1. Mind listing the long-range amide H neighbours of Thr244? Cut-off is under 5 Å, sequence gap 5 or more, other chains count too, H placed in the peptide plane at 1.01 Å from N.
2. Once you have the Cα-Cα distance between Lys2 and Leu280, take 0.36 nm times their residue separation minus that, and quote the gain in nm to one decimal.
3. Tell me the angle of helix 284-307 to the major Cα principal axis of the chain, expressed in degrees between 0 and 90 and rounded to the nearest ten.
4. Kirkwood Rh, Cα Rg: Rg to Rh for the stretch 146-301?
5. With no solvent and one point per C-alpha, what does the Debye sum give as log10 I(q)/I(0) for the stretch 178-228 at q = 0.28 Å⁻¹?
6. Want the number for Gln158 to Val303: 0.36 nm per residue separation, take away the alpha-carbon distance, what's left?
7. To make sure I understand, if each residue's beta carbon is the centre and we count other beta carbons within 10 Å, what order do Val186, Val267, Val75 fall in, fewest to most?
8. Strictly greater than 22 Å: what percent of every Cα pair in the stretch 191-278 meets that?
Amino acid sequence: MKKIVLVGCGAVGSSFIYSAINQGLAEEYILIDKFKNLAEGNALDLGDVQASLEYPFTAIKVGDFQDCHDADLIVITAGRPRKVGETRLDMVSDNAKIISDIALEINLSGFKGITLIASNPVDVMTAVYQKVTGFDVHKVLGAGTILDTLRLKYLLGQKLEINPESIFGYVLAEHGDSAFIPWSNVIVANQSILEVMTKEELELLEQAVKTRAGEIIKLKNATFYGIAAGLTFLIKMMMKNQDTMSIAGAYLNAEYDNQGFYIGVPVILNQNGWKEVVQLPLTNEEQLKFNHSCQIIKENLKVALSAIADKVIKSDERIEKSSY
């Protein structure tokens with residue numbers, strides 16, 4: 001990619017940019033943050049890396065939302081951080097207001113590229129951003145359950161003493177407490193996980209995946225390396241432009257018997273964003289878990305949209321007046 005814009009230069013955003021520049025994702029990086037000193041400090045610090053890279057970038061600098069107009073990709077990590085004891089859903093109203101303000105500015109810039117959202121609660125924030133901008137749903141995607149899936153593969157690999165690359169499986173639904181692992185679809189070294197581990201072992205592993213974020217936050221106040229790597233991974237899959245399957249936050253349009261919001265599901269990725277949702281065969285129990293998670297997202301999306309109702313109307317007016 002020629003140009004990537006990062007909105008939000010906190011721990012997640014700066015970790016993502018560090019991962020991105022080390023893997024040579026773009027030629028130019030623009031950093032945008034409410035606190036300009038933070039963006040400037042990161043730009044200077046990350047600039048010191050350039051001379052050591054295998055694939056050096058041409059520029060990393062502080063910018064504003066007008067710099068989005070010719071960007072290939074925007075990554076949004078802005079939002080207030082999750083506090084100890086909070087769930088991601090406790091942040092709905094506050095972060096909906098932040099994301100909607102960002103969406104209005106990006107819309108006015110004339111941006112035509114892909115947007116990847118990591119702000120929590122990510123499924124709801126991805127829907128808020130798409131609603132306010134009116135962008136094609138396929139060009140807007142959330143991190144979804146990519147981090148949960150990376151945790152699953154790591155912990156399962158540790159348990160079975162096998163390389164995580166030999167594990168095929170995903171965590172589905174909300175990036176939150178209602179996420180679940182469809183064990184019927186998890187394959188390890190060409191063998192069903194149901195033939196390798198007991199039900200009790202799988203339950204303990206799933207619990208470990210779901211509580212891992214809370215444990216990290218309790219120890220160091222935030223999680224950022226894992227999601228940074230996950231964002232970089234999703235971008236690399238899109239850059240390959242080979243219709244590669246991965247997990248991400250995509251908009252449902254009757255897939256999995258649900259529609260009208262974003263959620264973590266397997267998708268086909270290419271240079272235009274996500275191409276289509278891949279529907280895994282779920283058991284009846286797994287479908288019920290998926291439906292339950294969908295209901296939680298829909299209820300919280302209503303809360304988010306209610307908190308920004310005036311901004312959605314404002315967005316419609318500003319789009320009509322925009323010169324782009």
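No lab work stands behind these numbers, since they all come straight from the coordinates. Keep in mind that what you see is a predicted model, and the values were worked out from it rather than measured. Note that each Cβ is placed from the backbone with ideal geometry, even for glycine, and that neighbours are counted across all protein chains shown.
1. Leu269
2. Result for the pair: 96.6 nm of gain on full extension.
3. 20
4. A ratio of 0.95.
5. Reported log10 I(q)/I(0), two decimals: -1.04.
6. Computed gain between Gln158 and Val303 is 48.3 nm.
7. By the 10 Å Cβ count, ascending: Val186, Val267, Val75.
8. Percentage above 22 Å: 51.
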